[in-house]
Amino acid sequence: MPIHLNHTIVHATDKKRSAEFLAGLLDLDVKPQFGPFLPVPLANDVTLDFADSGERPIVAQHYAFLVSDEEFDAAFGRIKEAGLTYYPGPDLSRPGEINHRDGGRGVYWLDPDGHVLELLTRPYGSGGRTGAEEQ
């Protein structure tokens, strides 16, 4: 059997707020709570399981989502409509810009707990521009 990522836990100060934040921007569903987790399933059968961090500090992680051009347009519209600051790269410099890596488009923004979220329309290294021209 090939190895597939099944789920990952996303720690949050408020799992409901964080799960709904992501699901709302990406037009995903938040499923009913399963144990301590609030799952947000993705199209490739991977689930982001949001969990309250309790007393543990949140360590910011990075979550990247490969989307179609149409999905990018819709989600990016919701990001702008929500008044979120967005960036062309993970260093979070140059607010208000997106990137055009590999001939596609990409954008980064922060979730309520500081996790760096990313949308991209082309996988890295798939063609188009080189890293030096990425942004």
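Only one of the listed residues (P2, P39) is over 12 Å from Y63 (Cβ atoms) and at pLDDT below 95. That residue is P2. All conditions but one from (1) out of contact with any Asp or Glu (no Cβ under 9 Å at 6 or more places or on another chain); (2) among the hydrophobic types (A, V, I, L, M, F, W, C); (3) buried (at least 17 other Cβ atoms within 10 Å of the Cβ) apply to A23; the one that does not is (1). Suppose the filter is on the phi > 0 side of the Ramachandran plot, of a type in the set (D, E) and modelled with pLDDT under 95; does D45 pass it? Yes; evaluated as a whole, the condition is true for this residue.
Taking the criterion of being over 15 Å from D73 (Cα atoms) and hydroxyl-bearing (S, T, Y), the residues of region 89-125 that qualify are S93, Y124. Number of residues in region 29-70 that are touching a Leu at 6+ places or on another chain (Cβ under 8 Å) and over 18 Å from D113 (Cβ atoms): the value is 6. Taking the stated definitions as given, is V40 of a type in the set (V, I, T), outside any loop (DSSP other than H, G, I, E, B) and free of Cβ contacts under 8 Å to residues at least 60 places away in the same chain? Judged against the criteria, V40 is a match. Can you tell me which residue in region 66-119 is farthest from T13 (Cα to Cα), limited to those that are in contact (Cβ under 8 Å) with a residue 40 or more places away in the chain and among the β-branched types (V, I, T)? Among those residues, the one meeting the criterion is V67.
The values are calculated or read from the model by the stated rules, or taken from the named source; none is laboratory data. Just so it is clear, the structure is predicted and the values come from calculations on it, not from any experiment. Heads up, the Cβs are rebuilt from the backbone with ideal geometry, glycines too, and the neighbour counts pull from every protein chain shown.
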